[in-house]
Amino acid sequence: MESVGIGIIGAGGIAAAHAKAYQMLGTKAHLIGVADIDEERARAFARRFDIPVWSSENDDILKRDDIQIVSLCLPHHLHAPIALAALQAGKHVLVEKPLAISLEEADSMIRAAQKAKRNLGVVFQLRFESDVQRARLILERQLIGTLFYAEVSCLWWRRPMYYENNWRGKWATEGGGAVINQAIHHIDLLLYLLGMPQRVYAEIDTIAHRIEVEDWCLATLYWDGMKASFCASTCAELEADVSRLLILGTNGSVQMFPFRPHSRQEERHLQIAEACRTIPEQELPGHTAQIHDFVFSVLEKREPRVSAVEGRRALELITAIYQSAFTQEMVELPLTPDSPCYTTAGKLEMARRYTAARAKRT
Ligand SMILES: NC(=O)c1ccc[n+]([C@@H]2O[C@H](COP(=O)([O-])OP(=O)(O)OC[C@H]3O[C@@H](n4cnc5c(N)ncnc54)[C@H](O)[C@@H]3O)[C@@H](O)[C@H]2O)c1
């Protein structure tokens, strides 16, 4: 295959980043169609990006033979059902984060992709940043010694208007709040750099917004010999949103964002600087780089750099965080299919009970 035809389903806020990234690929990718349940939105999007086909019916995209890749830019609860339909129609599918709202859904998507022999990827654009690659190299080479502590913060603010639509702010459609929507990027980075923790204890709260889901979370994550504190928020009224990842080792540290690796030992500090120099500066924004990687994974018949399995890992830790917050108990990882929040129905029932108990207390 020399080039691929592209369809985009969901023409809201993030879809433009996908369309622009595909357009930058010149002859390698052609935008063929866009669908949105809101036909006028699909039409306007098609006009803006010079896309020949638009529709309010997703099937009008999925049935076309000239489309090989579909980007899903949809509310979270629609990721699984529409990805399944797209895979069944023989498309390679790039899903915006999160992969799905439950592990049950994620597993059915991964199975469907394997069966259809199609690529299924999930957007985690921060992994494509040069500094993230540098941090990973520093840890792989154990340049900061034995790790003992990490701090992960997503202290963001979202205006009340952000939740004034038909899907955000609700367990059934957003699948959670600040953790599954915003801090999922930080959680993915944590997993990418440090691997899956063994246990988690978490608390969630809804502080500033009139929504069902959390706008605040505080958690402690435990590995053998190492701990991390994690907080996620959409209610932090700071001058600017703060994203922080700090990793401490016995011989140094790595901080992001901005990226500041450090060791007091001069020789190690020089080794760190030398390792960093081996990673070239990524010129494209992360989102664009990831979408290009997905297109090339299809053209070159290989796995994308961020596959659905990675999306499932982030969702597993997120599910454990919610389960701990709902039960007020420490949760052991990995989760199994009999974990109470594994299925969508189980998770929603746990959320319902948690919300009812919380309403009684306040
Ligand atoms: N990677 C990132 O940094 C990033 C940033 C923002 C959003 N996102 C993700 O992108 C996704 C979409 O978010 P958004 O902010 O663009 O949301 P949005 O609400 O702006 O857009 C969603 C679109 O889907 C359409 N839609 C709803 N139901 C549909 C259906 N059944 N069939 C077809 N279209 C349908 C809506 O009409 C709307 O245009 C979410 O998963 C979100 O988490 C990712």
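Brief remarks follow.
- Whichever residue in segment 169-181 is farther than 11 Å from ASP215 by Cβ and within 12 Å of the ligand (Cβ to nearest atom) and, among such residues, is surrounded by the fewest Cβ atoms within 10 Å (Cβ to Cβ): THR173
- Scanning segment 333-348 for residues that are out of contact with any Gly (no Cβ under 7 Å at 6 or more places or on another chain) and surrounded by 15 or more Cβ atoms within 10 Å (Cβ to Cβ) returns LEU333, LEU335, SER339, CYS341, TYR342, THR343, THR344, GLY346, LYS347, LEU348.
- Scanning segment 111-165 for residues that are surrounded by 15 or more Cβ atoms within 10 Å (Cβ to Cβ), in a loop (DSSP other than H, G, I, E, B) and without any contact (Cβ under 8 Å) to a residue 60 or more places away in the chain yields a single hit, ARG118.
- In the set (1) within 14 Å of the ligand (Cβ to nearest atom); (2) touching a helix residue (DSSP H, G or I) at 6+ places or on another chain (Cβ under 7 Å), LEU78 fails one condition alone, (2).
- Looking only at segment 107-127, and only at residues there that are more than 11 Å from the ligand (Cβ to nearest atom) and under 13 Å from the mean Cα position of the chain (by Cα), the one that is nearest to ALA289 (Cα to Cα): ARG127
- Candidates in segment 145-168 are the residues that are farther than 23 Å from TYR354 by Cα and basic (Lys, Arg); of these, the one that is farthest from the ligand (Cβ to nearest atom) is ARG159.
- Looking at SER71, SER108, SER55, just one residue is out of contact with any Phe, Trp or Tyr (no Cβ under 9 Å at 6 or more places or on another chain), among the hydroxyl-bearing types (Ser, Thr, Tyr) and touching a residue at least 24 places away in the same chain (Cβ under 8 Å), and that residue is SER108.
- Here ARG64, ARG47, ARG41 are screened, and the one residue that is free of Cβ contacts under 8 Å to residues at least 24 places away in the same chain and charged (D, E, K, R) is ARG47.
Computed from the coordinates by the stated procedures, all read-outs in this text should not be read as laboratory data. Computed from a prediction, not measured in an experiment: that's the story for all the values here. Virtual Cβ from ideal backbone geometry, glycine too; neighbours counted across all protein chains shown.
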